[in-house]
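Below: one structure, written as structure tokens.
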Amino acid sequence: MINTLLRRFLGEEEESAPSAGVLDTISAALDRLEPRHARIVAAFAYLLSRVAHADHEVTPEETTAMEAVVREVGGLPDEEAALVVQLATLQHVQHRGTEDYLVAREFNEVATPEEKRRLVSCLYAVSASDQQIVTAEDNEIRQIARVLRIEHTELIRLRTAHRRHLAVLRRKG
């Protein structure tokens with residue numbers, strides 16, 4: 001941070017932030033789409049996979065839900081949506097960590113406020129597809145929402161639509 005402030009003070013250009021290389025791999029499979037739209041779809045797929053993997057298990061229901069979201073968001077045929085989800089899942093499993101943040105940050109930079117809200121809603125829908133949103137998934141969605149600069153009240157509104165699936169609110173016994 002001090003280096004950044006010093007560079008600004010001295011009038012030097014900042015180094016460009018590293019881009020999310022995993023999006024290049026995923027969006028390459030979407031070459032028939034306009035480049036911005038391909039990156040949006042790639043980021044959607046990656047972030048869906050990130051949340052689905054939060055509990056270290058991706059159920060068949062979650063995979064089906066991710067494919068449906070990618071199909072709808074991308075306007076893709078079934079086979080292409082399935083391929084994009086497979087690529088996103090592979091990229092997430094191989095890279096995680098810093099890439100998780102970079103993908104969310106890039107999505108924040110290129111997406112409209114409506115696209116950001118739609119993503120968070122879809123993250124909850126995929127998490128709920130197996131009838132339970134575990135705390136790890138909920139926390140992952142919250143982290144993504146923070147990077148997307150979604151207001152807390154908006155996040156709660158989006159989360160409320162899936163309230164019955166939140167494991168933290170279910171009674172034990």
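We did not get these values from a lab; they are worked out from the coordinates using the rules stated. Quantities reported herein were computed from a predicted structural model and do not represent experimental measurements. Don't worry about glycine lacking a Cβ; one is built from the backbone with ideal geometry, like all the others, and counts go over all protein chains shown.
General remarks:
- Count of region 25-37 residues which are out of contact with any Gly (no Cβ under 8 Å at 6 or more places or on another chain) and either among the β-branched types (Val, Ile, Thr) or part of a helix (DSSP H, G or I) (or both): 6
- Exactly one residue out of ARG50, ARG32, ARG39 is more than 27 Å from HIS165 (Cβ to Cβ) and either aromatic (Phe, Trp, Tyr) or crowded, with 19+ Cβ neighbours inside 10 Å (or both): that is ARG39.
- Those residues of region 74-126 which are within 12 Å of the chain's Cα centre (by Cα) and among the small types (Gly, Ala, Ser), in sequence order: ALA88, ALA104, ALA111, SER121
- Within region 70-94, the set of residues being in contact (Cβ under 8 Å) with a residue 60 or more places away in the chain and under 19 Å from ALA136 (Cβ atoms) comprises ALA88, HIS92.
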